[in-house]
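We did not get these values from a lab; they are worked out from the coordinates using the rules stated. Since we're looking at a predicted model, the values are computed, not measured. So basically every Cβ, Gly included, is an ideal-geometry build from the backbone, and we count neighbours across all protein chains shown.
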């Protein structure tokens, strides 16, 4: 094949790939596929799952022009993501339990203790909390400075991880400081996107944690209804008064039996 003919063929392929009808067809197909039809943007591909890693690579190949082939490539990954979520691997439509943790008074203590002591404390606390989450079949979604956001298959395992973390912190002392942590637990159906979770249920879980006292495991009433009563001692339910929390939501402090 001559170089001139190859050039003409490439130009024809580019014109066909960028033709408005081809683009409309590719986008229409993506709108009908399972999964996120906008899969491929930075938010949807920020995670570490194989489909998200491949999504970042495909997005990086952006031809800098409208491209039906590019849309179809992302559509194939969108389908993969959608089927994974439907089978439970993505947890996009399943009930999960969220656990938020926060070290009480860490920032003010760290100002006096210095960076070296603060880092030593965070490492010691991280080792305790991460092992507790893993033993509860949970996954740490992200680290929030001096706390974490984790997701669990059910409330019992999330609460057990909180109890185990709290107990483990009792054996930590850095520069004369024994860390105290507060815990918030809530269950729901948050949206899974790019290795993170979004939605009202995530915000509620964070508000539950913010309402907890030092060393307290505070659980929303919907999540508390899933707990085995023979393993937990429940306090009286109190209404959660916090910006962004649903009206009428109650929280309950939980202790092991």
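Rounded to the nearest 0.05, what FRET efficiency is calculated for residue 189 and residue 140 with R0 set to 22 Å and r the Cβ-Cβ distance? All intermediate terms of the calculation are to be shown ahead of the outcome.
Values: r = 20 Å, r/R0 = 0.90.
Approximately 0.65, to the nearest 0.05.
Spin-label model, residue 94/residue 131: points 7 Å from Cα along the beta carbon direction are separated by 2.7 nm. Here the simple spin-label model places points 7 Å from the Cα toward Cβ, and for residue 11 and residue 173 these points are separated by 8.1 nm.
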